[in-house]
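What follows is a set of notes on a single structure, which appears directly below.
The values are calculated or read from the model by the stated rules, or taken from the named source; none is laboratory data. Note that the structure is a prediction, hence the values are computed from the model and not measured. Note that each Cβ is placed from the backbone with ideal geometry, even for glycine, and that neighbours are counted across all protein chains shown. Just so you know, the surface numbers come from the protein's heavy atoms only, side chains and all, with ligands and any DNA or RNA stripped out. Shrake-Rupley method; radii C 1.70, N 1.55, O 1.52, S 1.80 Å.
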Amino acid sequence: MKILWVSHLVPYPPKAGVLIRSHYLVKELAKHHDVHLLAFNQRGLMEPYFESYEKGTEEAKSVLGEYLSKIKIFNLPVDASKFKKLFTAFISVFTKQPYTINWTKSDSFLQAMKKMHAEENYDLIHFDTISFAPYIDYCAGALTSLDHHNVESHMLFRRASEEDNAIKKWYFQQEGRRLQKIEEHYCRKVDTNITCSELDNDRFREFIPNAKFKCIPNGVDVTFFTPSDVDPLPNRLIFIGTLDWYPNTKAVRYLVNTIWPKIKALKPDLELHVIGSKPPQDIVDAAKTDKNLYIRGFVEDIVEELHKATVYVCPITDGGGTKLKLLDAFSAGKAVVADPIACEGLEATDGENVLYANTEAQYIDQITKVLESVELRKKLELNARRHVEDHFAFTSIGLALAKHYTECASEAK
């Protein structure tokens, strides 16, 4: 099949979150089909990993060009100035469409998509986010696929329910309601909807029972994230994530401000290492007066940092899909203590390949258990690795997506 992958980001480098999923799905899909890429380039996802935005873009084109036969990249409109994104969010309150749709609007991008389709006559056009929903109306003659990294309306409603600020609560509620209507319309319109978990399928079917949903879970490169032959350091906690994404920001503040002071009081030699680009300033400032708290920013060799850590702590209580950071940790054979919400879609089992916690006391108790029991730690490490090998290797996940698209084409004949 000839497939056009329309993306809100350049799927490179595979360093964090959505970049990992998009990169490996494109790469694996291209082993089975002829895949072309049309993408926006987000500065916030490109600049942290390279000397410059331009050098990162060139490297991305070079690497992706090894398995994609056509690549066209556009600058993201809301990156034009520091006020553009805020302005787009502001005017979205007064338009029919929410910010989630408005931030990817671009006449030149749309015209490029239409031109590519006219020239190539694609069998299927894959849209990598609900934000591209209006573009689906311009795909005559091709099958259409809509990827949902999360149930975006559900995320907005959950964020509203946890928001104390009345204005922000109202904003998230109205954004969620408008986006849900768009999900209802376009999920029915496309030939298939791709989700990251069966839980997300269930959430969609609650309000869109007559659309087609296929779970293609997030995965991990099990040949890159591998366990170490050497035991971890005996006194190191770790959290990894892009720190300007609000579920991660919220989680790391809870970890640093609430859990960390109490667990440190019990074990004074313990260290906490927070790794990820764009850490919030208040967390950076906290580390200045705490010699055992390390706010590391972006780190090139994540695998080495995982190997050193005794416990991976993940108190995420928001978001959707599946948390790629936890798949990385599982694949690297780490003992993980996490909120059950952080493990949604991972099919994890409390006490076997993860320890659950959702209160301050539970986090302290579960972390202490791992620190004090080598037997428990090794059990969690071994079972976590086996779990991703059995269920979340990207090679098998990419093949499943390729087969699904072939089946969609057969059903359409």
Excluding same-chain residues fewer than 8 positions from residue 323, which lysines have a Cα within less than 16 Å of its Cα?
-> 15, 250, 334
Which order do 169, 291 take when ranked by solvent-accessible area (1.4 Å probe, heavy atoms of all protein chains), largest first?
-> 291, 169
Taking the Cα centre of segment 188-332 as the origin and placing charges on Cβ (Lys, Arg +1; Asp, Glu -1), which of 215, 232, 324 is farthest toward the positive end of the dipole?
-> 215
Of the heavy-atom accessible surface of segment 1-131 (probe 1.4 angstrom), what whole percent is carbon and sulfur?
-> 53
Relative to a virtual label point 7 Å from the Cα of residue 352 in the Cα→beta-carbon direction, which members of segment 370-411 show backbone nitrogen distances below 16 Å?
-> 379-392
Derived scalar couplings ³J(HN,Hα) [segment 227-239; Karplus, 6.51 cos²θ - 1.76 cosθ + 1.60; whole Hz; x for Gly, Pro] = x, 8, 7, 9, 4, x, 4, x, 9, 10, 9, 9, 9
Anchor residue 378: aspartates and glutamates whose Cα lies under 13 Å away (excluding residues fewer than 8 positions away in-chain) = 229, 231, 352
For segment 308-317, Karplus-derived ³J(HN,Hα) couplings (6.51, -1.76, 1.60; θ = phi - 60°; whole Hz; x for glycine and proline) come out as 6, 7, 7, 9, 9, 10, 9, x, 6, 10
Taking a cut-off of 17 Å between Cα atoms, list the aspartates and glutamates near residue 115, but don't count ones fewer than 8 places away on the same chain.
-> 107, 123, 137
XL table 267/291; 85/288; 31/114; 262/291; 212/413; 264/308; Cα-Cα > 20 Å flagged, in table order, is 85/288; 31/114
Just subtract the alpha-carbon distance of residue 74 and residue 224 from 0.36 nm times their residue separation and send over the number in nm, one decimal.
-> 51.0 nm
Placed amide H near residue 271: partners under 5 Å, 5+ positions off or other chain | 236, 237
Probe 1.4 Å, protein heavy atoms only - accessible area per residue of the chain in square angstrom | 43
Could you list the GluC sites (Glu not before Pro) in segment 327-413 that lie in coil according to DSSP, counting only those with at most 16 other Cβ atoms within 10 Å of their Cβ?
-> 347, 352
5 angstrom amide H check on residue 50, placed H, neighbours 5+ away = none
Taking 0.36 nm per intervening residue step and subtracting the Cα-Cα distance, what contour gain separates residue 214 from residue 265 on full extension?
-> 13.7 nm
Nearest 0.05, what FRET efficiency do residue 112 and residue 369 give at R0 = 45 Å with Cβ-Cβ as r?
-> 0.25
With the full set of protein chains in place, find how many percent of the accessible area of segment 282-413 is carbon and sulfur; take the probe as 1.4 Å.
-> 50
So how do 162-168, 130-136, 55-61, 29-35 stack up, highest first, on mean other-Cβ count within 10 Å?
-> 130-136, 29-35, 55-61, 162-168
Determine how large the accessible area of residue 233 is when every protein chain is in place; take a 1.4 Å probe and give Å² rounded to the nearest 10.
-> 70
Using 7 Å Cα-to-Cβ label points, what is the residue 284/residue 188 separation (nm, one decimal)?
-> 4.8
Work out, step by step, the length gained on full extension between residue 409 and residue 205: first 0.36 nm times the residue separation, then minus their alpha carbon distance; give nm to one decimal.
-> 71.1 nm
Per-residue HN-Hα couplings for segment 101-111 [Karplus 6.51, -1.76, 1.60; θ = phi - 60°; Hz; x = Gly/Pro] = 8, 5, 6, 10, 5, 6, 5, 5, 5, 4, 5
Span per principal axis, largest first, for the Cα atoms of the chain (Å) | 64, 46, 45
